[in-house]
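Structure, as structure tokens:
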Amino acid sequence: AAVRALRPAGGQVTLAFVLKELRDSKEARYQGGGLDKRTREDFSSRSLKIEAALGSRQIHLITPDELRQWLQRLRRGGLDGKSSPLAQRTVLNYRNVLAEVFSHAVRERYCPENPLERLAPEEYKALGGERAERDLDSITALEIDEARALLTTAAMPEYRPLLGSLVLRLFCGLRTAEVCKLDWSEVHWTEENP
């Protein structure tokens, strides 16, 4: 067990090495059209901040306690531990980046296990912010009358630029982010099979 933990099959690498490896991978996916710009930039920004804080550590030696303390510090005193606390959603985003990094490190055999997986489920949730879980029960589909009122308002001249976007979201199931990336030349509504 000690040999497996202290001499990982993938070699001894730092957290900074793994973060750069993932940034390069995301950059290649972005250049190939498989990743949107915002996702690439968000990961890059957060990973550089994680690297500044923990990057010199050998990834196979990072403990659940270190990650727990760092995420708690974000919530209490920002990235430097002395600033304003970060919002719970921001802490959750950092935790998610760490989870992705350690999952990658396990796949590449840089470390034998993901230290975040050794945290209790409740503790893992709490490290994403006190209310990191969303209340999905309050989200419901629009009633027919609500959709009718929304479309009627969107058909008014001052709101007409919203109409196409709303129709796609209501009737085609596209998410807002998907509609924002859509080029209208891709919508072939006049064809026999639009």
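The values are calculated or read from the model by the stated rules, or taken from the named source; none is laboratory data. What you see is a predicted model; the values in this text were computed from it and never measured. Don't worry about glycine lacking a Cβ; one is built from the backbone with ideal geometry, like all the others, and counts go over all protein chains shown. Just the protein is used for accessible areas: all its heavy atoms, side chains included, with ligands, DNA and RNA removed. Shrake-Rupley method; radii C 1.70, N 1.55, O 1.52, S 1.80 Å.
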Exercise. Restrict the check to segment 30-45 and report whether at least one residue is in contact (Cβ under 8 Å) with a residue 60 or more places away in the chain and open to solvent by less than 60 Å² (accessible area, probe 1.4 Å).
Key: yes
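For (1) more than 14 Å from the chain's Cα centre (by Cα); (2) more than 14 Å from Phe17 (Cα to Cα), each residue gets a yes or a no:
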{"site": "Arg40", "(1), (2)": "no, yes"}
{"site": "Phe43", "(1), (2)": "no, yes"}
{"site": "Trp70", "(1), (2)": "yes, yes"}
{"site": "Arg75", "(1), (2)": "yes, yes"}
{"site": "Gly81", "(1), (2)": "yes, yes"}
{"site": "Val101", "(1), (2)": "no, no"}
{"site": "His104", "(1), (2)": "yes, no"}
Practice problem: Please verify whether segment 51-66 includes one or more residues that are surrounded by fewer than 18 Cβ atoms within 10 Å (Cβ to Cβ) and either farther than 23 Å from Glu113 by Cβ or in contact (Cβ under 8 Å) with a residue 60 or more places away in the chain (or both). | Solution: yes
Self-check item: Residue in segment 20-29 that is surrounded by the fewest Cβ atoms within 10 Å (Cβ to Cβ), counting only those that are basic (Lys, Arg) and more than 21 Å from Glu66 (Cβ to Cβ)
Solution: Arg29
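May I ask you to verify whether Glu108 is more than 27 Å from Ala16 (Cα to Cα) and among the charged types (D, E, K, R)?
No.
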Exercise. Inspect segment 70-87 for any residue being among the hydroxyl-bearing types (Ser, Thr, Tyr) and in contact (Cβ under 8 Å) with a residue 24 or more places away in the chain and give the result as yes or no.
Key: no
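Residues that are open to solvent by less than 60 Å² (accessible area, probe 1.4 Å) and more than 30 Å from Pro64 (Cβ to Cβ): list the helices (runs of 4 or more DSSP H) wholly contained in segment 79-194 that include at least 2 such residues.
Numbers: elements: 88-107, 121-126, 144-154, 163-172, 176-181.
In segment 79-194, 144-154, 163-172 are the helices (runs of 4 or more DSSP H) which contain 2 or more residues that are open to solvent by less than 60 Å² (accessible area, probe 1.4 Å) and more than 30 Å from Pro64 (Cβ to Cβ).
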Quiz item: Taking segment 54-98, which residues are of a type in the set (A, V, I, L, M) and out of contact with any Asp or Glu (no Cβ under 9 Å at 6 or more places or on another chain)?
Solution: Ile59, Leu61, Ile62, Leu67, Leu71, Leu74, Leu79, Leu86, Ala87, Val91, Leu92, Leu98
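Hey, could you check segment 1-14 for residues that are in contact with a strand residue (DSSP E or B) (Cβ under 8 Å, 6 or more places away or on another chain) and surrounded by 17 or more Cβ atoms within 10 Å (Cβ to Cβ) and say which is modelled with the lowest pLDDT?
Among those that are in contact with a strand residue (DSSP E or B) (Cβ under 8 Å, 6 or more places away or on another chain) and surrounded by 17 or more Cβ atoms within 10 Å (Cβ to Cβ), it is Val13.
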Practice problem: List every residue pair whose Cβ atoms sit under 8 Å apart, with the two residues 6 or more apart in sequence or on different chains, where the first one lies in segment 121-150 and is at pLDDT below 80 and the second, anywhere, is surrounded by 12 or more Cβ atoms within 10 Å (Cβ to Cβ) and part of a loop (DSSP other than H, G, I, E, B). | Solution: Lys125/Ala132; Ala126/Ala132; Leu127/Leu119; Gly129/Ala87
